[in-house]
Amino acid sequence: MILSDFHMHTTLSTDGESEMKDMISAASDKGLKRICFTEHYDQDNTFGENEDDFVTDVDNYLNVYNSLKDFAEKKHIEIYFGLELGLQTYLADDYHILAGKYPFDFIIGSSHMARRKDVAFPSYFESFESLQEAMMVYFDAEVANAMCHNDFDIYGHLDYAWRYVPDRPESFVYSDYADSIERLLNVLIKKGKGIEINTAGFRKGVGQPNPDISILEKYYELGGEIITVGSDAHKTADIAADFDRAETILKDVGFKKYAYFIERKLHFEDL
Ligand SMILES: [Zn+2]
Ligand SMILES: [Zn+2]
């Protein structure tokens, strides 16, 4: 059973809706054993009103987190200090310094942008001839990020751009991107980095987790073993959402364990 939710945001992230204390209470009420906060840190982004909207004030975040440790203990739940980095290749040096500056338990590397554009907006897709080309460029940007960056533990929601495809087709066609995805997974496996199963896809109408099951199957086939589970909750109600479905999917693919991180060290638990 999955009792660790390792991807969530609080009001410390620009788009978070619930206070950290309420997130702790809700996670405890749901019977989780441990959670990790992964506030946004997207340096040099273009998607907020201001450039630093999605750059969490980490000093303040650490203070708030530390002030709630006793509360979490009373609620019988372990809490951990993580971050979701918005990767772009040229940010690798800055993120290396950041990762060394704070006592992070876990760091997700994510691609919210490709070619300096936010993929959550139709204008990203409109700048390409076809949906296939837009998605291919997105996956290739992830390959470049995976090669340039080292300061992350798992790569977040690998097919995130798929959530935002205008008039999205019913199903994701793995073979359209097979080369790029295989290259990406091989780079991650070789570097000892994991991926996640992010259940927000179910809430966003994709009908699949992120990434698509076909990508999870390829990761398993290539020998990938490190997979964390995250709801990507931005409010209490979404904590551990669809974890039962995630568990069934992971078992069907062949995974026996899921991963979590403490002090950037890898741990496994049986599914
Ligand atoms: Zn994300
Ligand atoms: Zn997130």
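The values are calculated or read from the model by the stated rules, or taken from the named source; none is laboratory data. What you see is a predicted model, and the numbers here were worked out from it, not measured in a lab. Positions of Cβ are generated from backbone atoms using ideal geometry, with glycine treated the same way; all protein chains shown enter the neighbour counts.
A few remarks follow.
- Filter pass, G86 being surrounded by 15 or more Cβ atoms within 10 Å (Cβ to Cβ) and small (G, A, S): yes
- Put simply, of R168, R116, R163 the only residue that is within 16 Å of ligand 1 (Cβ to nearest atom) and among the charged types (D, E, K, R) is R163.
- Among residues that are closer than 30 Å to L32 by Cα and basic (K, R), K117 is not included.
- Criterion: closer than 20 Å to Q88 by Cα, of a type in the set (D, E), at pLDDT below 95 and surrounded by 17 or more Cβ atoms within 10 Å (Cβ to Cβ) - qualifying residue of D159, D151, D140, D118: D118
- Residue within region 131-152 that is more than 16 Å from ligand 2 (Cβ to nearest atom), out of contact with any strand residue (DSSP E or B) (no Cβ under 9 Å at 6 or more places or on another chain), of a type outside the set (F, W, Y) and without any contact (Cβ under 8 Å) to a residue 24 or more places away in the chain present: yes
- Only a single item in (1) more than 23 Å from Y258 (Cβ to Cβ); (2) within 16 Å of ligand 1 (Cβ to nearest atom) is not met by T199, and it is number (1).
- Count of residues meeting criterion [assigned to a helix (DSSP H, G or I) and out of contact with any Pro (no Cβ under 6 Å at 6 or more places or on another chain)] in region 75-132: 18
Results for (1) within 16 Å of the chain's Cα centre (by Cα); (2) within 21 Å of D105 (Cα to Cα), shown as yes or no for each residue.
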| site | (1), (2) |
| --- | --- |
| G223 | no, no |
| V229 | yes, yes |
| T236 | no, no |
| A241 | yes, no |
| I249 | no, no |
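- Per this entry, A27 is not counted among residues that are touching a helix residue (DSSP H, G or I) at 6+ places or on another chain (Cβ under 7 Å), at pLDDT 95 or above and more than 16 Å from ligand 1 (Cβ to nearest atom).
- Going through (1) in contact (Cβ under 8 Å) with a residue 40 or more places away in the chain; (2) farther than 30 Å from D167 by Cβ; (3) away from ligand 2 (no atom under 16 Å from the Cβ) one by one, F125 falls short only on (2).
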